[in-house]
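J.: I'd like to ask you about the structure that follows.
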Amino acid sequence: MVFLQHSSLAAERRSDFPILNQQVHDRPLIYLDSAATSQKPQAVMDALDHYYQRDNANVHRGAHALSARATTAYEGARDKVAAFIGAASRNEIVFTRNASEAINLVAYTWGMSTLKPGDEIILSVMEHHSNLVPWQMMAQKTGAVLKHVPLTATEEFDLVAFEGLLSDRTRLVAVVHVSNTLGCVNPVAEIISRAHGIGAKVLIDACQSAPHLPLDVQALDCDWLVASGHKMCGPTGSGFLYGKLELLEAMPPFLGGGEMIHEVFLDHSTYAELPHKFEAGTPAIGEAIALGAAIDYLTAIGMDRIHAYEQELTAYLFKKLSQVEGVRIYGPTPEQGERAALAAFNVAGLNASDLSTLLDHEGVAIRSGHHCTQPLHRALGITGSARASLYFYNTHAEIDQFVAALESTIAFFRDMGTV
Ligand SMILES: Cc1ncc(COP(=O)(O)O)c(C=O)c1O
């Protein structure tokens, strides 16, 4: 009964995504790459279209009607993001092009102005490159030291090892909420409270959680949180940074230019109030407005409902995939720990990119490679993997078709004597 109730979500929403209704290599498209970027519902494309057809003008500047409309819609989108993640104030939301830019913003402002030689930054081995490289750059510039939380035997975040790394030198803990490769849901509430216990700040990479489960930054008490709009039904070029008001106020600006100033003199400037201090130049106005439409769309469905449906779909994917001979799925089993809507895997004796190329010919879009987690792949002793990632528009039938296509691909390689 519950199964039927949740299953209706994809059936109910699928027609909102016109791109899904197409043939690829003469097969119906099965899109299993939403962790890289999600598809966009018609409502989001309509919002983008509406902005460019009716309201296109620069924001915060003109006295004319179009600029006023664009500004209202752009700032309205900020309200929607704030409400979506439970921020205490709209001024705690900074629009960025993506999550990487949001992390770089924190690194280059807070990191650069705060970190001293010997200060410690704790990351984990499962971080996306976007949450590794900016901190490496900061460590090189400031003399701060990077420490990395390893994996447990079940390929999850090692909370015990994390506690062992915390010290009076720890200034920052920056960790991913849901791993884009292991699929594990990290215990961020515990991580945050333990880090705060020793006075460290915490940044949460919510790229793979914000699209899939309800978030409440005030309940979590994180200091910063970043997400990509394009993974949560929004357009590319959209992302955001959440930061606690007092922290954002204390942070120096990131990029300089128009929009972020209060007064400019020839030799110095004063800066705008939050959040504009961090939004130099003309922002991605249409994209932010369309991200607001994406949030309206997700909220209308309900993040609890999306999460519940995806839990069921993920368990089904895990079960079907693990029944395929020779398949090794990375990360915990659903019995060992909560998994989000993706599975990275390898098939014994086969190259992941050969697999994904052949699956593409069956209309199945999965990703292969290192998924921007090279250190994690190294820790797992592999150079790459294949990854199937889901969203609420995917169905159980698509998982069946994917697994059937995978089995016939493996059989093809076996017949050729490759496996
Ligand atoms: C966990 C995680 N963090 C960060 C990123 C980077 O996001 P963006 O490409 O929007 O900067 C991704 C994208 O794949 C991700 O999965």
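The values are calculated or read from the model by the stated rules, or taken from the named source; none is laboratory data. Keep in mind the model is a prediction, meaning the values are calculated, not measured. Don't worry about glycine lacking a Cβ; one is built from the backbone with ideal geometry, like all the others, and counts go over all protein chains shown.
J.: Does Q218 fit the bill of being surrounded by fewer than 19 Cβ atoms within 10 Å (Cβ to Cβ) and either under 13 Å from V176 (Cα atoms) or in contact (Cβ under 8 Å) with a residue 24 or more places away in the chain (or both)?
T.: So Q218 fits the description; yes.
J.: Check off (1) over 23 Å from the mean Cα position of the chain (by Cα); (2) surrounded by 22 or more Cβ atoms within 10 Å (Cβ to Cβ); (3) among the hydrophobic types (A, V, I, L, M, F, W, C) for A99 and give me the number that stays unchecked.
T.: Among (1) over 23 Å from the mean Cα position of the chain (by Cα); (2) surrounded by 22 or more Cβ atoms within 10 Å (Cβ to Cβ); (3) among the hydrophobic types (A, V, I, L, M, F, W, C), A99 violates only (1).
J.: Further question: In region 10-27, which residues are farther than 20 Å from G234 by Cβ and out of contact with any Leu (no Cβ under 9 Å at 6 or more places or on another chain)?
T.: Passing the criteria: A11, E12, V24, H25, D26, R27.
J.: Further, regarding this structure: What about G243, is it closer than 30 Å to D49 by Cα and assigned by TED's automatic domain parsing to the domain that holds L213?
T.: no
J.: Next up: Just a yes or no: is a residue in region 55-77 buried (at least 20 other Cβ atoms within 10 Å of the Cβ), within 16 Å of the ligand (Cβ to nearest atom) and not assigned by TED's automatic domain parsing to the domain that holds A340?
T.: So far as region 55-77 goes, no, none of its residues is buried (at least 20 other Cβ atoms within 10 Å of the Cβ), within 16 Å of the ligand (Cβ to nearest atom) and not assigned by TED's automatic domain parsing to the domain that holds A340.
J.: Filtering region 302-341 down to residues that are among the charged types (D, E, K, R) and touching a strand residue (DSSP E or B) at 6+ places or on another chain (Cβ under 6 Å), which residue is nearest to I366 (Cα to Cα)?
T.: R328
J.: Among the residues of region 154-190, what is the count of those that are more than 15 Å from the ligand (Cβ to nearest atom), among the β-branched types (V, I, T) and either out of contact with any Gly (no Cβ under 9 Å at 6 or more places or on another chain) or closer than 22 Å to T142 by Cα (or both)?
T.: The qualifying residues number 3.
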